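What follows is a set of notes on a single structure, which appears directly below.
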Amino acid sequence: MNSVNERIAAIGIVPVIKLANPERDAAPLARALCAGGVPVAEVTFRAAGAEKAIRMMREACPDMLVGAGTVTTTRHMDLTLEAGGSFIVTPGFDGELVAYAQEKGVPIYPGCTTPTDYHAALKFGLEVIKFFPAEQSGGLAKIKAMSAPFPQFKVMPTGGISLKNLGEYSACPCICACGGSYMVTPELIEGGRWEEITELCRKSREAVEAARK
């Protein structure tokens, strides 16, 4: 795997973040995640100013991996790269976006939940794919079934992941890391509850490490 994939796999959990107020929240959130042992974030374009949040999180914690989620256009990708983003996540498989990311030299994790999606990802030589929405699309049972004909992929399930099932997912050898928003809910962020976010990150790392033993 490339270096970004390896770093994400080593952490094992990727917070999926929607920031309504980057100027206020981006920097303290970045520090809270890093303090909890989770120096990675997927900032989604579901809220305006995602590129601003990416830049501010990178400035606050320069060694942190910060990428963009819900990327649906090449414009989103350009904004991400200009802000110093390290990776791209798309909700579905879009060959045009995958090709553009590869042209730009940035890792991309497209949403894949069907054999057709996996076949498409295979043609682009991808190492890691997103499985979204994970629980609603068959969960771990389907991921395991799909890994039989496609053993070359590491999978990043996102959607319905929580502390309750994080360990179960993380124990599966084909899982690269799990995406989740439970440690970065709007209530926690808007309330400035940074210590709680840090503690949830710590518990997440502990769950991942215990599952991988």
Test: residue in region 195-209 that is farther than 23 Å from THR44 by Cα, part of a helix (DSSP H, G or I) and among the hydrophobic types (A, V, I, L, M, F, W, C): yes
Residue check for VAL89: among the β-branched types (Val, Ile, Thr), within 20 Å of VAL208 (Cα to Cα) and either in contact with a strand residue (DSSP E or B) (Cβ under 8 Å, 6 or more places away or on another chain) or crowded, with 20+ Cβ neighbours inside 10 Å (or both): no
Scope region 122-150; condition closer than 18 Å to TYR109 by Cβ and either of a type in the set (Phe, Trp, Tyr) or part of a loop (DSSP other than H, G, I, E, B) (or both); matching residues: PHE124, GLY125, LEU126, GLU127, PHE131, PHE132, PRO133, ALA134, PHE150
Residue that is farthest from PRO157 (Cα to Cα), among those in region 95-108 that are in contact with a helix residue (DSSP H, G or I) (Cβ under 9 Å, 6 or more places away or on another chain) and surrounded by 13 or more Cβ atoms within 10 Å (Cβ to Cβ): LYS104
Conditions (1) in a loop (DSSP other than H, G, I, E, B); (2) farther than 25 Å from ARG46 by Cα: number failed by TYR182: (2)
Single residue of region 147-165 satisfying the filter (surrounded by fewer than 22 Cβ atoms within 10 Å (Cβ to Cβ) and in contact with a Gly (Cβ under 9 Å, 6 or more places away or on another chain)) that is nearest to ASN2 (Cα to Cα): GLY159
Candidate set from region 97-121 (those that are of a type outside the set (Gly, Ala, Ser) and in a strand (DSSP E or B)); member that is farthest from GLY84 (Cα to Cα): PRO110
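Just so you know, all these numbers are worked out from the coordinates, no wet-lab data involved. Everything quoted here is computed from the prediction, not taken from an experiment. Neighbour counts run over all protein chains shown; Cβ positions are idealised from the backbone, glycine included.
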